[in-house]
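Report on the following structure.
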Amino acid sequence: MVCRRLREQKLHARTLQLKLRNTAFQTITRAHTFEQPTSVDSEVFAAIRQLFRANWKGDAIRLLGVHASHFEEESEQIGLVGHRAHEKWTQALSAADRLREKYGENAISLATGMKARFRERTHENPAGLPGKNKP
């Protein structure tokens, strides 16, 4: 959802922050800064997963949050080595976003690389999100 919002605003985030809170309400935050800004789900997921694995102590989690910052506009500059793969991901995710807008958030998901499915809860009214049925 974070990446989708970035793409909707035609932005890329350079810094990602993970927020973990356990059942004792102890909260930790950890950040990762990319060399090149991104809005590609797999890149963001890999960075957040790495932060999570490095900082989770095995206790029950009450809250897990992802925060993006240090935005740059879509005129990103990527080296020639990673440009082709990055461009393919961008096109695929753009198509997935259009399907979600038309058929709902659960209409499509990634098959590889992001096998974990998380129950998503957001602070805004889910009915107000694109692709959600209005009551």
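The values are calculated or read from the model by the stated rules, or taken from the named source; none is laboratory data. Note that the structure is a prediction, hence the values are computed from the model and not measured. Note that we place each Cβ from the backbone using ideal geometry, even for glycine, and neighbour counts take in every protein chain shown. The area values use the complete protein model at the heavy-atom level, side chains included, leaving out ligands, DNA and RNA. Shrake-Rupley method; radii C 1.70, N 1.55, O 1.52, S 1.80 Å.
For this structure, a couple of remarks:
- Accessible surface ranking that places the most exposed of His12, His67 first, with a 1.4 angstrom probe: His67, His12
- Computed over protein heavy atoms with a 1.4 angstrom probe, the accessible surface ordering of Trp89, Trp56, largest first, is Trp56, Trp89.
- Of Phe25, Ala13, Val2, farthest towards positive along the dipole that unit charges on Lys, Arg, Asp, Glu beta carbons give the stretch 1-43: Phe25
- Cross-link check: pairs Lys10/Lys57; Lys19/Lys102; Lys19/Lys57 evaluated at a Cα-Cα cut-off of 24 Å; pairs beyond the cut-off: Lys10/Lys57; Lys19/Lys102.
- With both labels modelled 7 Å from their Cα along Cα-to-Cβ, the Phe52 to Arg30 distance reads 1.2 nm.
- Computed with every protein chain present, the accessible area of Ile108 is close to 60 Å² [probe 1.4 Å].
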